[in-house]
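Bear in mind that the values in this text are calculations on the coordinates, not laboratory data. Just so we're clear, the structure is a prediction, and the values are computed from it rather than from any experiment. In this analysis, Cβ positions are derived from the backbone assuming ideal geometry, glycine residues included, and neighbour counts consider all displayed protein chains.
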């Protein structure tokens, strides 16, 4: 039985359940990789989470202020100040003037932080590239649309929780 036949035999609810299970498994794997990164680079788990939030925001073109990072992390102002200062001192983060409002300061991943991240995650990029090599571009485009929809749904759920 080929993939197309299998998909038609599985109802949509079952497919959505499988995708939800895949997202949970992906999140669990990501969490474990983050723990290894933190241990190898002598940063706390929250430091890694902060780096991830800053990197995701940078990639999206909307860099975070310390206050926005505090809200994303769900920590107190003193805790985020301590975390940010520690991450700047270790060379993982840097402050820059906000691109649109010079009165604000945004957080960026510093060159050292990018070097460390690239060194650690380059093998994951290679594994990912090999894992996706046989998939056609149309499948990858569909996967990207599905991931965007899942991210939007999770963001909406998180906002509902607030």
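Compute the Rg/Rh shape ratio of region 82-162: radius of gyration over Kirkwood radius, all on alpha-carbon atoms.
Here Rg/Rh amounts to 1.11.
Bin width 5 Å, alpha-carbon pairs only: give the P(r) of region 123-162 as whole percents, running from 0 to the bin holding the largest distance.
6, 20, 15, 18, 16, 11, 9, 4, 0
Rank-order 16-23, 110-117 by packing density, defined as the average count of other C-beta atoms within 10 Å over each peptide's residues, highest first. Provide the component values of the computation, followed by the final result.
On the way: 16-23: 12.0, 110-117: 16.2.
Ranking the peptides 16-23, 110-117 by packing returns 110-117, 16-23.
When the chain is fully extended, how far beyond the present Cα-Cα distance does residue 13 get from residue 137, taking 0.36 nm per residue of separation? Walk me through the numbers before you get to the answer.
Values: separation 124, 0.36 × 124 = 44.64 nm, distance 2.55 nm.
Extra length from residue 13 to residue 137 when fully extended: 42.1 nm.
Which whole-number percent gives the relative contact order of region 8-162, counting Cα pairs below 8 Å spaced six or more residues apart?
On the way: 90 pairs, mean separation 22.1, N = 155.
For region 8-162, the relative contact order is 14 percent.
Show me the ranking of peptides 55-62, 129-136, 83-90, 40-47 by mean Cβ neighbours inside 10 Å, starting with the highest. Before the final figure, lay out each step's value.
Values: 55-62: 12.6, 129-136: 8.9, 83-90: 16.6, 40-47: 15.0.
Result, highest mean first: 83-90, 40-47, 55-62, 129-136.
Once R0 is set to 22 Å, what does the formula 1/(1 + (r/R0)^6) return for the Cβ-Cβ distance between residue 39 and residue 114, expressed as a FRET efficiency to the nearest 0.05?
Working: r = 20 Å, r/R0 = 0.89.
The value I calculate is 0.65.
What full-extension length gain, to one decimal in nm, is calculated for residue 20 and residue 156 as 0.36 nm per residue of separation minus the Cα-Cα distance? Before the final figure, lay out the partial values.
Values: separation 136, 0.36 × 136 = 48.96 nm, distance 1.57 nm.
Roughly 47.4 nm would be gained on extension.
Consider the candidate values (1) 1.75; (2) 1.24; (3) 1.03; state which one is Cα Rg over 2.2 N^0.38 Å computed from the structure displayed.
Working out Cα Rg over 2.2 N^0.38 Å from the coordinates points to (2).
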